[in-house]
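Please read the structure below before turning to the comments.
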Amino acid sequence: MANILAVDDDKDILILIQNILRRDQHLVHTLDRINRESLDVFGGYDLILLDVMMPDIDGFELCKLIRPIVDCPIIFLTAKTDEEAVVKGLMTGGDDYISKPFGVLELSARVNAHLRRENREKHERRRLISGFLFHFDSKEVFIHGQKLNLTKNEYKICEFLAQHKGRTFSREQIYEEVYGLDGDALYSTITEFIRTIRKKCKEHHEDPIKTVWGVGYKWE
């Protein structure tokens, strides 16, 4: 069983895709609308089906944006079958295309063939969170293509808060994440770390860490 995402502005096609692939015991998620500010949702899938003609952003451009953070196969769903369109799709990072209208057997066969062949070497673990690209293995964070110059502990705080986006943590909870239960630093160091992280983010016109007065901090 694979975890598959289908993106198409035609809800009837999404229902058809779900029905076809669920027969093969796959878990199918669907999106009928996408924009440049919601790229976080593309992580964690085994295969992505991507419509080319969408209102807010076309599939080729979307593929180009998500390919640096997505290792799985991307298959375009398109009515454009001329050579130029096919080449453009493959050059932006797509693995294959399926012409519309497609048959039940064709979709099932293409998807399952790519899942069987999928043995690409996985890139370093990455995740895009609120526009910040986290490289978890190298402990680095990038915003707008530029690396944030974070210390080790500043990175720990950013990763901890970002991975729990929207959840508020007290200064004490953040302290335990950074130093552990046996830490001997002052709690006030967390406040200082937050201040310097904000300063560095604001240099890139971003301010993801919010203060919840009387409670703590959260990543928005």
Q. Which pairs have Cβ atoms under 9 Å, sit 6 or more apart or on different chains, and link a residue in the range 19-36 that is touching a residue at least 60 places away in the same chain (Cβ under 8 Å) to one that is in a loop (DSSP other than H, G, I, E, B)?
A. 21/2; 24/1; 24/2; 26/1; 26/2; 26/46
Q) Going through the range 12-57 one residue at a time, which ones are surrounded by fewer than 17 Cβ atoms within 10 Å (Cβ to Cβ), over 22 Å from residue 116 (Cβ atoms) and over 19 Å from the mean Cα position of the chain (by Cα)? A) 12, 15, 53, 55
Q: Enumerate the strands (runs of 3 or more DSSP E) found wholly within the range 136-220, keeping only those where 2 or more residues are free of Cβ contacts under 8 Å to residues at least 24 places away in the same chain and under 22 Å from residue 126 (Cα atoms).
A: 140-143
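All of the numbers you see were taken from the coordinates with simple rules; none came from a lab. Just so it is clear, the structure is predicted and the values come from calculations on it, not from any experiment. All Cβ positions, glycine included, derive from the backbone under ideal geometry; neighbour counts span all protein chains shown.
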